[in-house]
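These notes are about the structure you will find just below.
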Amino acid sequence: MKKLFAVSTIALMGAVAFAGDMTDLSFRFGVVKPTDSGVPTSQFTSFGLQHKVRAISSNENWNNFGELSVDFYGKGDYRSIPFLYNYVAYSNKSDFFLSLGAGVSFITRPDATGTESVGRFAYQVGLGYNLTKGENGSFVEAKFMGNGASELNGFGVFFGVRF
């Protein structure tokens, strides 16, 4: 699993290098509460990186971007590393932003024969609020982290910093 996280991180950093602008990098950390009652933990620890790679459109109300993200959340035998392409809309009239993402998640979970480590479809839907703006802006975000493995679905709350 550490290798999968390393590969995902390298892929994201490669995208960042091609984009050439490090000022649009975000780091977040928080907790994810699993929605499956069969998971033997009440919350997963989580952290992740996200980078703006493409401006999609802008108008007087919203600035829209394509962003790549890689996260980690898990505890014990349950772990997920989603690598997602996200559509993020930042409000020009307030400090809120919305995000929708889809991609692949590298998961580890117990199964009948031991432990399964495989790639699965993953998605996320989130709502965030910018606490501060500028060079080192901060934000809070609430997300639903969806996964092809239902044990790894969960609601997350995050605090983050933009560089």
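Out of Glu151, Glu141, Glu60, which single residue is in contact (Cβ under 8 Å) with a residue 40 or more places away in the chain and outside any strand (DSSP E or B)?
Sole residue among the options that is in contact (Cβ under 8 Å) with a residue 40 or more places away in the chain and outside any strand (DSSP E or B): Glu151.
Go through the residues of the range 91-102 one by one and say whether even a single one is crowded, with 16+ Cβ neighbours inside 10 Å, modelled with pLDDT under 95 and not aliphatic (A, V, I, L, M).
No, the range 91-102 has no match at all.
Return the residue satisfying two criteria in turn: it lies in the range 61-82 and is closer than 24 Å to Ser138 by Cβ and polar (S, T, N, Q), and of such residues it is surrounded by the fewest Cβ atoms within 10 Å (Cβ to Cβ).
Only one residue fits best here, namely Asn61.
Can you name the residue in the range 129-138 that is touching a residue at least 12 places away in the same chain (Cβ under 8 Å) and among the hydroxyl-bearing types (Ser, Thr, Tyr) and is also surrounded by the fewest Cβ atoms within 10 Å (Cβ to Cβ) among such residues?
Among those that are touching a residue at least 12 places away in the same chain (Cβ under 8 Å) and among the hydroxyl-bearing types (Ser, Thr, Tyr), it is Tyr129.
Going through the range 111-123 one residue at a time, which ones are hydroxyl-bearing (Ser, Thr, Tyr), assigned to a strand (DSSP E or B) and either modelled with pLDDT under 95 or loosely packed, with under 15 Cβ neighbours inside 10 Å (or both)? Walk me through how you get there before you give the answer.
If we filter the range 111-123 for residues that are hydroxyl-bearing (Ser, Thr, Tyr), which is where we start, we get 113, 115, 117, 123.
Subsequent filtering for residues that are assigned to a strand (DSSP E or B) retains 115, 117, 123.
Residues satisfying the conditions are Thr115, Ser117.
Could you grab the pairs with beta carbons closer than 6 Å, sequence gap of 6+ or different chains, first residue in the range 83-110 and under 18 Å from Ser138 (Cα atoms) and part of a strand (DSSP E or B), second one modelled with pLDDT of 95 or more and of a type in the set (Ser, Thr, Tyr)?
From residues that are under 18 Å from Ser138 (Cα atoms) and part of a strand (DSSP E or B), the pairs are Val88/Ser99; Phe96/Tyr129.
Restricting attention to the range 28-83, which residues are charged (D, E, K, R) and closer than 19 Å to Gly160 by Cα?
Passing the criteria: Arg28, Lys33, Lys52, Glu67, Asp71.
In the range 50-80, which residues are of a type in the set (A, V, I, L, M) and modelled with pLDDT of 95 or more? First the steps, then the outcome.
Going through the range 50-80, the residues of a type in the set (A, V, I, L, M) turn out to be 53, 55-56, 68, 70.
Matches in the range 50-80: Leu68, Val70.
Gly126 fails exactly one of the following numbered conditions: (1) within 17 Å of Glu67 (Cα to Cα); (2) surrounded by fewer than 16 Cβ atoms within 10 Å (Cβ to Cβ); (3) not aliphatic (A, V, I, L, M). What is the number of that condition?
(2)
Answer with yes or no whether Thr108 is of a type in the set (Val, Ile, Thr) and closer than 15 Å to Tyr73 by Cα.
Yes.
Being at pLDDT below 90 and among the hydrophobic types (A, V, I, L, M, F, W, C) is the filter here; which residues of the range 39-49 pass it?
Residue satisfying the conditions is Val39 alone.
The values are calculated or read from the model by the stated rules, or taken from the named source; none is laboratory data. Computed from a predicted model, the values in this text were never measured in an experiment. Don't worry about glycine lacking a Cβ; one is built from the backbone with ideal geometry, like all the others, and counts go over all protein chains shown.
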